[in-house]
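Below: one structure, written as structure tokens.
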Amino acid sequence: HTNVHVYNDQFDFYGQSDNVGYYSMDLPQGLFSVEAWHDGYNPAFVDTIWVDGPTNLDLYLQRMQVNGAVWGHVYDAENNAPVPDAEVLLFIPEMPIGYRTWTDSSGDYWLDVQNGAYRLIVNHPDYQPYRNMDVTIMDDTVQVDVALQGFDGSIFGTVRDAETNDPLRDAWVFI
């Protein structure tokens, strides 16, 4: 499915196309920007479109040219164990060109990409995020192995009713 983002200074709307490429969003009246992206394609952008009723906007994405690849192994820095299911993001700063994948059960990943200077970010809920600000692809394949560091501390406790001291089930805690 193609991802569609419609936004302005006040609103952010996200959606996806269906299996025939159709998308639809209910919006308030106003001036919006639109972006759409899909794996293997360059994103499409519309800087401004006025919406004051049903408005047709067909979006055309061009296939992305693949010039090289980034691959590597993600592992635990303390014990060298592979880290499966880590999210790997590779993107060009200030541009909507990016790639995303997850590591396999062996901690390995592979991304076919076009030429460019990228940032690499690796996320996993059990580790501190990894950021590499300089991955350059110029008609080549680049290996970037990533050692993820665990967290230095933790926070824990019980959420309770202030008057009765009873524990509160399913309370959200934001840090």
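Summary of values
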read-out	value
log₁₀ of I(q)/I(0) at q = 0.11, 0.19 Å⁻¹ - the stretch 43-135, Debye sum with one point per alpha carbon	-0.44, -0.91
Separation of alpha-carbon centers, the stretch 100-132 and the stretch 1-23, rounded to whole Å	25 Å
For GLU35, solvent-accessible area (1.4 Å; no DNA, RNA or ligand), Å²	40 Å²
Size-normalised alpha-carbon gyration radius of the chain, reference 2.2 N^0.38 Å	1.34
Accessible-area value, VAL51, 1.4 Å probe, nucleic acids and ligands omitted, Å²	20 Å²
Largest to smallest accessible area among TYR14, TYR118, TYR99 [probe 1.4 Å]	TYR14, TYR99, TYR118
Of TYR41, TYR75, TYR23, the one that fluctuates the most in a GNM where the chain has Cα springs shorter than 10 Å	TYR23
Square roots of five times the Cα gyration tensor eigenvalues for the stretch 109-175, Å	44, 12, 9
Rounded accessible area of MET64 (nearest 10 Å², 1.4 Å probe)	30 Å²
Normalised contact order of the chain, rounded percent, pairs of Cα under 8 Å and 6 or more residues apart	16 percent
Accessible surface of the chain [probe 1.4 Å, protein heavy atoms]: carbon and sulfur percent	48 percent
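The values are calculated or read from the model by the stated rules, or taken from the named source; none is laboratory data. Please read all numbers here as calculations on a predicted model, not as lab measurements. Just so you know, the surface numbers come from the protein's heavy atoms only, side chains and all, with ligands and any DNA or RNA stripped out. Shrake-Rupley method; radii C 1.70, N 1.55, O 1.52, S 1.80 Å.
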